[in-house]
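The values are calculated or read from the model by the stated rules, or taken from the named source; none is laboratory data. Model, not experiment: these values are computed from the prediction. No Cβ is skipped: glycine too gets one built from the backbone with ideal geometry, and neighbour counts run over all protein chains shown. Only protein heavy atoms, including side chains, enter the accessible area calculation; ligands, DNA and RNA are left aside. Shrake-Rupley method; radii C 1.70, N 1.55, O 1.52, S 1.80 Å.
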Amino acid sequence: MTGSVINLRGICIWNEQYLFSTGSDSQVKLYDLKKAIYVKGFLGHTTTVCAVDKIVHPKYGECLISHALDGKLKLWGRSRSEERFSRNAETDL
């Protein structure tokens with residue numbers, strides 16, 4: 001097998017249908033477990049994404065939060081992969 005190797009860093013099971021993963025490719029990726037397919041990537045980090053988790057935000061409802069080695073925390077809407085909020089963990093918090 002040839003090609004690049006992506007190191008898996010984080011997994012979040014959204015529900016019985018969807019799973020999110022993170023890794024060294026700077027993306028949060030969404031998979032449909034029932035269809036066994038990759039759905040889409042959430043772009044916005046510039047380095048390895050270390051963690052992803054599901055949260056309930058008081059303003060946005062159910063969201064995804066991710067953290068990467070670029071120092072950024074990002075809040076995402078699941079359905080449209082849109083970035084809702086971004087902060088630099090080293091300087092903004």
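Quick rundown of the values:
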| read-out | value |
| --- | --- |
| Every residue from the range 60-72 that is open to solvent by 50 Å² or more (accessible area, probe 1.4 Å), over 12 Å from SER26 (Cα atoms) and hydrophobic (A, V, I, L, M, F, W, C) | ILE65 |
| Residue in the range 39-51 that is among the polar types (S, T, N, Q), modelled with pLDDT under 90 and within 14 Å of the chain's Cα centre (by Cα) present | no |
| Of all residues making up the range 7-39, the number that are open to solvent by less than 90 Å² (accessible area, probe 1.4 Å) and either of a type in the set (D, E, K, R) or touching a His at 6+ places or on another chain (Cβ under 6 Å) (or both) | 4 |
| Pair list, Cβ < 7 Å and 6+ apart or interchain, from the range 40-59 residues that are open to solvent by 90 Å² or more (accessible area, probe 1.4 Å) to residues that are modelled with pLDDT under 95 and charged (D, E, K, R) | THR46/ASP70; VAL56/GLU62 |
